[in-house]
Amino acid sequence: MLFIREFDGHRDDRTYVELSQKVAHLLGLHLVHERSAYCRLDENGDIEEVVRVHKLQDGRVVTIKREDLDTLLLMLESSYVLLFDSTRFDPGNFTSWGDGPEEHVSLVEENLHYRGRVNAGRESYLRGFQVTAPVITDRLRRRLMWESPEPKQYATFIAQDWKHSLVHECSCDPGQLGNYFVESDLPFQTSPAFFRPEVLLKYKADPDKYQIEGRSIHCRGAWFLKSFDVNEAGQVHAYLCDLSLLPYAEQLYWKSFNEAPKAGISARAYKSDFLAQWDTSPDPLASLKRRLEELSGAGVTWWSLKNPQLPDRVHYPVTASQEEWANELMVLDQFVVEGLNRSYFKSKAEVISITVEPQWGSLKLISEILLHAQVNEEEATAVVAPLKSLHDLRSKMKGHAGGSDAKALREAVIAKHGDLKSHFRALVDDCDRAIALMMEFTDAGVL
């Protein structure tokens, strides 16, 4: 199972422990160097350390979770042997073990065998082994049958039982939900439950673990929420049948934000999920992402995607939280503005004899190029103003400590747009038009 290997090319620690590839594959383990462990993802998408290498002052100890050891033994139709060797004596007074009898013991029922000796009560030794078979628990049996390690549990939610025109507590247990094909008195599995929008902040805050894509949420290697949306009252809603597929702990998390509906499901959800029609309502963020993906695929030199994960990390704010709004501004700025290539615009400006100042950034260079090309003021403003507004807001809200300037900006934004969520959507729409105009100017040879 384990190999102690040595590599002279490593200065700090030439020897290291390697787990058998057969064992790693059977248990679905991967080496995570920074943890000194072979790991996998558990049912909640968290990294679980299964085989750990513990460095001690005088050597190493390698441990494995007992259930995984039992799983491995069952798959290999094997048992493990525990060896022990204990010797006790006083080096200053010890001469020999003498001719006394050595005791041999075999406890067949316990698969325990050893031999030992006690010398006048002063010295002793004990050496032996025990053969241990895997312990088959109910949890292990379910695991080997590709079932959940624990019996499946289901939470209840305040839901809109539209089959009976009621709002009441419903279980998401599939056995307690009905469908369109079998006549029953049970609520439909597509009954929606409603939640405060803060339920999504957990997933937005950890993009390495969770991926929000359109109207679905993926948790790495663990679970998948097929469908959710936000209604006109700002509530998040999801269907009971989709909530039933989440781990029980995740269901309880959603339940903590559960509340009675303040409006029905979103028009988009009704149209796509119940009328089976494409939703064609405008979505500025989706449009902006598509447009920038086109630019990235076309290989233009004035914009590039700095991080391939950024498109999946930009979302609309769903709460009135200033922190969420500021975070989304930061990611949007990283996605859009930081993708602009200053070197390209600097070269473009120098070719048309514009004297470039060292402190000029991409946006200033674009403005000067458009001015030199005599682009009308309205179009030039439509290109530069939203991108500059985004970058300035990001700098004041996330790049610095904030203070009175940041507060004044937030108040001005709310006064103009009504709330931070509406402002963000309007800003994204303006940025989308700005990128579209830049693409047109590129085709015309201006940029």
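When the test is whether a residue is of a type in the set (D, E, K, R), out of contact with any helix residue (DSSP H, G or I) (no Cβ under 7 Å at 6 or more places or on another chain), in a helix (DSSP H, G or I) and surrounded by 11 or more Cβ atoms within 10 Å (Cβ to Cβ), Arg142 passes it.
Provide a single number: the residues in the range 398-435 that are in a helix (DSSP H, G or I) and either among the charged types (D, E, K, R) or in contact with a Lys or Arg (Cβ under 8 Å, 6 or more places away or on another chain) (or both). Residues meeting the conditions: 17.
Within the range 234-279, the set of residues being more than 30 Å from Leu420 (Cα to Cα), among the aliphatic types (A, V, I, L, M) and under 24 Å from the mean Cα position of the chain (by Cα) comprises Leu240, Leu245, Leu246, Ala249.
For the range 336-355, residues that are closer than 30 Å to Pro308 by Cβ, of a type outside the set (S, T, N, Q) and not in a helix (DSSP H, G or I) total 4. Residues in the range 7-52 that are out of contact with any Leu (no Cβ under 9 Å at 6 or more places or on another chain) and among the aliphatic types (A, V, I, L, M) were compared, and the one that is farthest from Arg139 (Cα to Cα) is Val32. What number of residues within the range 235-253 satisfy the criterion of being touching an Asp or Glu at 6+ places or on another chain (Cβ under 7 Å) and at pLDDT 95 or above? The qualifying residues number 2.
Here is a yes/no grid of residues against (1) more than 26 Å from the chain's Cα centre (by Cα); (2) outside the structural domain of Glu123 (by TED's automatic domain parsing); (3) of a type in the set (Asp, Glu):
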site	(1), (2), (3)
Thr15	yes, no, no
Val23	yes, no, no
Leu26	no, no, no
His33	no, no, no
Asp42	no, no, yes
Arg60	yes, no, no
Lys65	no, no, no
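Taking (1) touching a Ser or Thr at 6+ places or on another chain (Cβ under 9 Å); (2) within 16 Å of Ser362 (Cα to Cα) in turn, Met438 satisfies each apart from (1). Considering the conditions (1) in contact with a strand residue (DSSP E or B) (Cβ under 8 Å, 6 or more places away or on another chain); (2) closer than 30 Å to Leu19 by Cβ, Arg139 is excluded by exactly one of them, (1). So Tyr180 ticks every box in (1) within 16 Å of the chain's Cα centre (by Cα); (2) without any contact (Cβ under 8 Å) to a residue 12 or more places away in the chain but one. Which box is left unticked? Failed condition: (1). Anything in the range 53-83 that is assigned to a strand (DSSP E or B) and surrounded by 16 or more Cβ atoms within 10 Å (Cβ to Cβ)? List them, or say none. Of everything in the range 53-83, those that are assigned to a strand (DSSP E or B) and surrounded by 16 or more Cβ atoms within 10 Å (Cβ to Cβ) turn out to be Val53, Val62, Ile64. Picking from residues in the range 78-102 that are in contact (Cβ under 8 Å) with a residue 12 or more places away in the chain and of a type in the set (D, E, K, R), the one that is farthest from Gly128 (Cα to Cα) is Asp90.
The number of residues in the range 114-126 being loosely packed, with under 15 Cβ neighbours inside 10 Å and either more than 29 Å from Pro91 (Cβ to Cβ) or charged (D, E, K, R) (or both) comes to 2. Against the list (1) surrounded by fewer than 16 Cβ atoms within 10 Å (Cβ to Cβ); (2) assigned by TED's automatic domain parsing to the domain that holds Lys204; (3) in contact with a helix residue (DSSP H, G or I) (Cβ under 8 Å, 6 or more places away or on another chain); (4) not aromatic (Phe, Trp, Tyr), the condition Ser244 fails is (1).
Being closer than 28 Å to Gly299 by Cα, buried (at least 16 other Cβ atoms within 10 Å of the Cβ) and free of Cβ contacts under 8 Å to residues at least 60 places away in the same chain holds for only one residue in Val383, Val351, Val428, Val413, and it is Val383. With respect to the conditions (1) of a type outside the set (Val, Ile, Thr); (2) surrounded by 13 or more Cβ atoms within 10 Å (Cβ to Cβ); (3) under 30 Å from the mean Cα position of the chain (by Cα), Pro134 falls short on a single one, namely (3). When Leu246 is tested against (1) outside any strand (DSSP E or B); (2) within 22 Å of Val314 (Cβ to Cβ); (3) touching a strand residue (DSSP E or B) at 6+ places or on another chain (Cβ under 6 Å), just one condition goes unmet, and that condition is (2).
The values are calculated or read from the model by the stated rules, or taken from the named source; none is laboratory data. Just so it is clear, the structure is predicted and the values come from calculations on it, not from any experiment. In this analysis, Cβ positions are derived from the backbone assuming ideal geometry, glycine residues included, and neighbour counts consider all displayed protein chains.
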